[in-house]
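Worksheet: one structure, shown below.
FYI, it's all coordinate maths here, none of it is from the lab. None of the values given here were measured: they were computed from a predicted structure. Positions of Cβ are generated from backbone atoms using ideal geometry, with glycine treated the same way; all protein chains shown enter the neighbour counts.
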Amino acid sequence: MDLTDLVVEANRLSGLLDKGIAALRDASVRHAQADHHYRKSRAIAYLQASGTVAERDAHADIETAEGRLDRDLAAGEAEAAREAVRARRTQLSAVQSLLNAHRAEAEFSRVGPRS
């Protein structure tokens with residue numbers, strides 16, 4: 001890759017990183033909302049149930065299974081978004097290293113080795 005290609009790639013990755021951060025924020029909000037809904041629904045279902053603790057737990061689990069699934073799916077989306085941001089940061093760091101190497105090479109060719 002030449003210098004122009006590296007700059008274009010750095011800009012592309014920077015844009016993807018910005019989008020990834022926005023996606024992570026949105027996914028984190030969805031996860032928090034789903035977790036809140038699940039916990040509240042489970043608590044209500046538990047309090048409305050009768051029987052032993054195990055029976056009340058089982059009733060609350062049955063009543064809130066969809067909410068738990070929604071929460072777990074939202075958590076997976078947030079984790080996937082987090083990993084995408086990490087990957088973009090790593091890719092951007094690699095491009096920045098190449099840009100720094102180009103800069104050092106240009107400086108060397110201009111002034112020669114440092115003493």
Worksheet item: If you place +1 on the Cβ of every Lys and Arg, -1 on the Cβ of every Asp and Glu, and leave all else neutral, what size is the dipole of the chain about its Cα centre, to the nearest 20 Debye?
Response: 460 debye
Worksheet item: Who wins for biggest fluctuation among 54, 80, 27 in a Gaussian network model of the chain, springs between alpha carbons below 10 Å?
Response: 54
Worksheet item: Which FRET efficiency value, to the nearest 0.05, is calculated for residue 33 and residue 82 with the Förster distance at 25 angstrom and r the Cβ-Cβ distance?
Response: 0.90
Worksheet, complete the sentence: the range 100-114 and the range 17-92 have their Cα centres apart by a whole-number Å value of 51 Å
Worksheet item: Once Lys and Arg get +1 and Asp and Glu get -1 on their Cβ, which of 101, 69, 90 lies farthest toward the positive end of the dipole of the range 3-102?
Response: 101
Worksheet entry | Mean separation of Cα contacts under 8 Å (6+ apart) over length of the chain, as relative contact order % | 41 percent
Worksheet, complete the sentence: Most fluctuating of 23, 43, 32 in the GNM of the chain (C-alpha, under 10 Å) is 43
Worksheet item: Separation between the residue 48 and residue 8 pseudo-spin-labels, each 7 Å from Cα along Cα→Cβ, expressed in nm?
Response: 6.0 nm
Worksheet item: Taking K and R as +1 and D and E as -1, what net charge do the other residues with C-beta under 11 Å from the C-beta of residue 81 add up to?
Response: +2
